[in-house]
Amino acid sequence: MKNQRTGGFKGFRVRPNNGEGVPRELRAVIYQVAASIPGVELAGNAVDPIGRPGAAVTKTTDYWGGSQRLMLIFDPNSSALLAQEKSC
């Protein structure tokens, strides 16, 4: 069953942190776990809508009808969520 709130990122919760850095080793494990979720891909470097560089994780889903690509962009230093984007 798909989670309505996550649209295919079931069980993958994203919480912006309070600016405290996450250790590099833990970030690497988090990205590896995310990549192991069926349909999720590590998209590499990305830029958010206001120009900040980040690391992107994507998933293509048909949850809302038609194929849509979801992308989460994280700050590479703090792991804070910079942006969530959805495209058709």
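The values are calculated or read from the model by the stated rules, or taken from the named source; none is laboratory data. Note that the structure is a prediction, hence the values are computed from the model and not measured. Methodologically, a virtual Cβ is constructed for each residue, glycine included, from the backbone with ideal geometry; neighbour enumeration extends over all protein chains shown.
Within this structure, VAL29 fails the test of being within 16 Å of GLU85 (Cβ to Cβ), at pLDDT below 90 and among the aliphatic types (A, V, I, L, M). Answer yes if at least one residue in region 56-79 is touching a helix residue (DSSP H, G or I) at 6+ places or on another chain (Cβ under 7 Å) and either assigned to a strand (DSSP E or B) or of a type in the set (Lys, Arg) (or both), and no otherwise. The answer is yes; a qualifying residue exists. Taking region 59-88 as the range and being buried (at least 16 other Cβ atoms within 10 Å of the Cβ) and under 21 Å from LEU26 (Cβ atoms) as the test, the residues that pass are LEU72, ILE73, PHE74, ASP75, SER78, SER79, ALA80, LEU81, LEU82.
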